[in-house]
Amino acid sequence: MSAQKQKPNVLWVLTDDQRYDAIRAFNKMLHGREMSELGYVESPNVDKLTKMGTTFINTYCQASGCAPSRASMHYGRYPFRSGVYEFEYHNNLAPHMRPSLPEQMEALGYETLHIGKLGVRLKTKKNGRMQGAEMYKQDISFKQLRKDGLTDWGKDWFHSLDGQKLDKPIKSMEFFVTEEGQFLYRSKDYEARFPDKKGEAKSIMEKYDLFMEYNKKKGPMTPFSPGILAGVSSRKAGKTRDGYYSSIFGDFLKNEDKEFKAGSRTFDGVATDKPFFCHIGFDFPHTPVLPPADYRERFQKHKYKVPAFDKKELQSMPKQFQKQVKSSYSDHFTKEEKQKMIQDYYAFCAYGDALIGQAVDDFVAYSESKKQPWMIVYVCGDHGWKLNDHGSVSKFTPWEVDSHNPIVVVSSDKKAFPAGKVVEEYAEFVDIAPTIMAAGGASLDDEKYDYLDGFNMAEIASGKVDGRDYVVGENHAVTGPRAFIRTKDFMFSIQSRPDKKRGVNMEWARTAEYKDLDPCLYQTSKDPHELHNLAFNKKYQKEVEILKKKLIDVVLGDGRIEVGWGKKADGTTVYKSDFAPGAHDHKLKMK
């Protein structure tokens, strides 16, 4: 058999907004109990993966927002090395940019496929115009699937309805697809234009028992409120948007060397003469939280402990954190609303676990039937999610609940990733690309891969790579520019930039007044819920000075990149700050 045939098929599974405590095995590893601190969870399929492979239990995301987190995974680079900090469209034309993970896998001889949510807002120039870059050879994205009705819920711009062109499009209109395939719409604009449809959103809210986010900033809950935190799916299990991702992947594997249909589009089935790399981006448990009825009913039998919030926490909380909390404040929800929110969230996670099991079983069965090696990379959320933790829902902060996302790697090569092994050394999302590329045959020592910020996780597991003393990241979405460093005992975070003006005053944090850095310090070894900000406690000033210097040197001074991407995402001007080269050595000596 040729060397190329020995390359493993690779399945990379990623969920969205998933807390690690939705997984029993992770709770057991971290806390010695199977259930979440909040209550009942179930995850038999991911639990099975942890027994089959190696769990990197202390993995952290680089940014707790969908787009920058997914960019860090796909590029193998920190936000401060790629210049992608939040939800900005960016391009592959800037001089520092390098091929994405799927492009590198294609260069290594792989067929590449993406199904579901991608979330990497990459553009390129074709025929003089900027347009979406094709990272995967085949992309079975949700956008067209929802238009084809292969979903239970969707949101889109509608330029026509029932075959009739509209004078102007209805923007970002939500819709629900019934079991019979009927589209029901939720939009103020829609009901204003079509008076006979008045009340449809209210009917949808009642029919699917929707509970939406509301607070002083977002206003009272109405049938049109965004952010569905609880409700029931309009379709049965398997016929939701995530359900179709798993079944479409099964169709891809069944149709060897021939075409198959997914809605209105036709795709190539698996090619038997090449290894393949498939990325499934599940949407669960991201809002709208809509578990199928049978899952919802089971979880409604369980009562959950709601994370308590003391408003005194706000007094010492960094202003940037306060901004996120107030934006998605939830502590005023009623007891019943909080219970429903938590019940449906974990029910949605349990449903998603079953879909992961379906995809994994199909993948392993196919690979073994062909006597081909294989590897699975399961990532528990592109970041986490709050369920009234710190008085809020949503994400966007470096708090533990938003940023701790374990990874499980399962491989037919048990020497690389031993069954049942738990690795406690830190791992980061920037490790995903080099891990998959190395499995695909890339020699990471080659100069063309020197842009990668992460490690091959097989070498973390074996101890070949010295363990990290800290993890770092930076996020600009919602909170504004914010960087963090985490060690086994502390999490320290500061405002990293005075504003979002790229390339301007990049070294601001070096000379800014300490209070203007809006700092926080949590002694996580004693305060695991990160409630008590010690940033201004004189007893911890030595720790603050060490962590502040390291964080500023790494994030702002060791090859920092900022890019003027431009309104059309065609900008290529790169700004660099490099006052502390080599600072990011993964080592940190505390007092």
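The values are calculated or read from the model by the stated rules, or taken from the named source; none is laboratory data. Treat the numbers as computed from the prediction; the structure is a model and nothing was measured. Neighbour counts run over all protein chains shown; Cβ positions are idealised from the backbone, glycine included. Ligands, DNA and RNA are stripped out before the accessible areas are found, and what is left, the full protein with its side chains, is counted by its heavy atoms. Shrake-Rupley method; radii C 1.70, N 1.55, O 1.52, S 1.80 Å.
Selection among ASN533, ALA580, LEU49 by position relative to the dipole of the chain gives ASN533 as farthest towards the positive end (Cβ unit charges, Cα centre). Treating the Cα atoms of the stretch 46-123 as identical point scatterers in vacuum, please give the log10 of the normalised Debye intensity I(q)/I(0) at q = 0.20, 0.26 Å⁻¹, two decimals. Computed log10 I(q)/I(0) values: -1.00, -1.23. The length gained by stretching the chain between ASP196 and SER316 to full extension, at 0.36 nm per residue less their Cα-Cα distance, is 38.0 nm.
What is the projected area of the convex hull of the Cα atoms of the stretch 120-177, averaged over all directions, in nm²?
5.7 nm²
Just the Cα atoms of the stretch 476-548, one point each, no solvent: what log10 I(q)/I(0) does Debye give at q = 0.24, 0.26 Å⁻¹? One equal scatterer on each Cα of the stretch 476-548 leads to -1.11, -1.23. A simple charge model with +1 on the Cβ of Lys and Arg, -1 on the Cβ of Asp and Glu and nothing else charged puts the dipole of the stretch 312-379 at about 440 debye relative to its Cα centre. The protection proxy used here, the mean number of other Cβ atoms lying within 10 Å of each residue, ranks peptides 567-578, 16-27, 73-84 as follows, highest first: 73-84, 16-27, 567-578. Dipole orientation for the stretch 426-582: of the candidates VAL465, LEU517, ILE552, LEU517 has the Cα lying most toward the positive pole (charges on Cβ; Lys, Arg +1; Asp, Glu -1).
Over the stretch 176-220, with every protein chain in place, what whole percent of the accessible area is carbon and sulfur at 1.4 Å, could you tell me? Carbon and sulfur atoms account for 54 percent of the accessible area of the stretch 176-220. Under a 5 Å amide H cut-off, with hydrogens placed 1.01 Å from N, LYS123 pairs with HIS90, ASN91, ASN92, ALA133 among residues at least 5 apart or on other chains.
Where does the stretch 1-142 land on Rg(C-alpha)/(2.2 N^0.38 Å)? Spell out each step's value before the answer.
On the way: Rg = 18.1 Å, N = 142, 2.2 N^0.38 = 14.5 Å.
In units of the 2.2 N^0.38 Å rule of thumb, it is 1.25.
The Cα-based radius of gyration and maximum Cα-Cα distance (Dmax) for the stretch 250-299 are 16.0, 46 Å. Amide H contacts under 5 Å for THR524: PHE490, MET491, restricted to partners 5 or more places along the chain or on a different chain, H placed in the peptide plane at 1.01 Å from N. Looking at the stretch 446-591, the pairs of alpha carbons with a distance over 26 Å make up 32% of the total.
Work the Kirkwood hydrodynamic radius out for the stretch 369-483: mean of 1/r over every pair of different alpha-carbon atoms, inverted, in Å.
Values: mean 1/r = 0.0620 Å⁻¹.
One decimal place: 16.1 Å for the Kirkwood radius.
Phi-derived couplings, Karplus 6.51 cos²θ - 1.76 cosθ + 1.60 at θ = phi - 60°, listed residue by residue for the stretch 347-359: 5, 5, 5, 5, 4, x, 4, 5, 5, 4, x, 4, 5 Hz, with x used for Gly and Pro. Against the empirical curve 2.2 N^0.38 Å, the C-alpha radius of gyration of the stretch 364-406 lands at a ratio of 1.88. Only helices enter this figure: runs of n ≥ 4 DSSP H residues, each worth -39500 (n - 2.57), summed and divided by the residues of the chain, yield -8000 deg cm²/dmol at 222 nm to the nearest 500. At 20 °C and 1.002 mPa s, what whole-number value in µm²/s does Stokes-Einstein give for the translational diffusion of the stretch 79-125, with Rh from the Kirkwood sum over Cα pairs? For these conditions, the coefficient is 175 µm²/s. Just to be sure I understand: if I project the alpha-carbon convex hull of the stretch 164-256 onto a plane and average over all orientations, what area do I get in nm²? Taking the Cα atoms of the stretch 164-256, their convex hull projects to 8.7 nm² on average. Whole-percent P(r), the stretch 356-434, all Cα pairs, 10 Å bins from 0: 15, 37, 29, 15, 4, 0.
The residues of the chain expose on average 41 square angstrom of accessible surface per residue, using a 1.4 Å probe on protein heavy atoms. Dividing the mean sequence gap of close Cα pairs (under 8 Å, 6+ apart) by how many residues the stretch 167-302 holds gives a relative contact order of 19 percent. Seen from every direction in turn and averaged, the convex hull around the alpha carbons of the stretch 257-392 projects onto 12.2 nm².
When DSSP beta bridges are limited to those with both residues in the chain, what percentage is antiparallel, rounded to the nearest 5?
On the way: 53 of 80 bridges.
That works out to approximately 65 percent antiparallel.
Any idea what the relative contact order of the chain is, in percent, if you count C-alpha pairs under 8 Å spaced at least 6 apart? Reported relative contact order: 23 percent. For a distance above 20 Å, tell me the whole-number percent of Cα pairs in the stretch 233-333 that qualify. Counting pairs separated by more than 20 Å, the tail of P(r) holds 63 percent.
At a 1.4 Å probe radius, carbon and sulfur cover how many percent of the accessible area of the stretch 61-146?
Answer for the stretch 61-146: carbon and sulfur cover 43 percent of the accessible area.
Given in Å, the Rg to one decimal and the Dmax to the nearest whole number for the Cα atoms of the stretch 400-446 are 12.4, 37.
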